[in-house]
Amino acid sequence: MSSVDELKAEIKKLSAKATNMKMNLHDLSEELPINWTSILSIAQETHDAYAALEAARQKLKELETA
């Protein structure tokens, strides 16, 4: 499997994780004020998931244009 294919598989996993974190954040917002203390940690995890996804997409773009 080429590095491009491996990266596409990784992007698929990262996308699923980011979507899951987005839903966790959404669910938390609907339950407020219950669990309000977890806002920062869930928001940070969501941010990190999308940052990793964006970085992987950028890396794929660079590989495909090289």
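Please treat every number below as a calculation from the coordinates, not as lab data. Bear in mind the structure is a predicted one, so any value in this text is a computation, not a measurement. So basically every Cβ, Gly included, is an ideal-geometry build from the backbone, and we count neighbours across all protein chains shown.
Here are some notes:
- Qualifying residue in segment 34-45 (condition: outside any helix (DSSP H, G or I) and of a type outside the set (A, V, I, L, M)): yes
- Yes/no for K12 being surrounded by 10 or more Cβ atoms within 10 Å (Cβ to Cβ) and touching a helix residue (DSSP H, G or I) at 6+ places or on another chain (Cβ under 9 Å): no
- If you filter segment 40-66 down to residues that are without any contact (Cβ under 8 Å) to a residue 12 or more places away in the chain and more than 17 Å from N20 (Cβ to Cβ), you find that the one that is nearest to the chain's Cα centre (by Cα) is A55.
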